[in-house]
């Protein structure tokens, strides 16, 4: 008799398990708070994330660049939030009131004028300010190490790595990527010194005008 009751109970549990999983999924991921029969209130998640920052790592001092930042709403609500961009501890720019439905993403462009920044390395950080009740803020930041140098210093004995001097290595590097754009297989955004999405004579001219300059 005990074995029979145990077997019946096991069958009931197996039948109800998929329903219980579906029930839990429905309440945890609903866009509105739910009250379970036991009186327990389960609220959906708030979660804004920054998933991408521009791939450029070399910036010419005195030039202006557009930096692409991708934000994702990984939560269950439509959210409005602010995004800031900082170089070390200096805030460069801020985008306010970005509105995203749940499960949506957007790519925004933030402009950085490097004129007032000295040459050297910077931690470039994009931060999405936490929204109310957001518990996971570890994905709200995205940081990249970038370098500001003389415009045209884009390569060295190590191809593609600036060395603090504008010389023939840099000119050669630009010529090898001449007429490339973001759809080209050998495109490198660092070679696009003036940030017009094409490596051309304007970029070569910038390197020539700074030829011989070194840190």
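Values quoted throughout were computed directly from the atomic coordinates according to the rules given, and no laboratory measurement underlies them. The model shown is predicted, which means the values in this text are computed figures rather than measured ones. Counting neighbours? That spans all protein chains shown, and the Cβs are built from the backbone with ideal geometry, glycine included.
Give, in nm to one decimal, the length gained when the segment between residue 51 and residue 181 is fully stretched (0.36 nm per residue of separation minus the Cα-Cα distance). Could the numbers behind the result be given before it?
Values: separation 130, 0.36 × 130 = 46.80 nm, distance 2.35 nm.
Taking residue 51 through residue 181 to full extension adds about 44.4 nm, to one decimal.
Restricting to bridges with both residues inside the stretch 44-149, how much of the DSSP beta-bridge set is antiparallel, in percent to the nearest 5?
Working: 35 of 38 bridges.
Close to 90 percent.
Report the Cα centroid-to-centroid distance between the stretch 84-123 and the stretch 190-215 in angstrom, as an integer.
First find each Cα centre; the distance between them is then 24 Å.
Report the label-to-label distance for residue 157 and residue 200 in nanometres (one decimal), using points 7 Å from each Cα along the Cα→Cβ vector.
Modelled inter-label distance: 3.6 nm.
Could you tell me whether the stretch 152-215 comes out rounded, prolate or oblate from its Cα gyration tensor? Rule is a ≥ b ≥ c as square roots of the eigenvalues, rounded for a/c under 1.5, then prolate if a/b exceeds b/c, otherwise oblate.
Numbers: a/c = 2.14, a/b = 1.51, b/c = 1.42.
Since a/c reaches 1.5 and a/b is larger than b/c, the shape of the stretch 152-215 is classed as prolate.
Between residue 136 and residue 115, what FRET efficiency comes out of the Förster formula 1/(1 + (r/R0)^6) with R0 = 45 Å and r the beta carbon distance, rounded to 0.05? Each step should come with its number before you reach the end.
Values: r = 37 Å, r/R0 = 0.82.
Rounded to the nearest 0.05, the efficiency is 0.75.
Order these by the 10 Å Cβ neighbour count, fewest first: 175, 48.
Values: 175 14, 48 24.
The fewest-first ordering by Cβ neighbours comes to 175, 48.
By count of other Cβ within 10 Å, fewest leading, how are 119, 56 ordered? Intermediate results must be reported in sequence, preceding the final value.
On the way: 119 15, 56 19.
Ascending Cβ contact count within 10 Å gives the list 119, 56.
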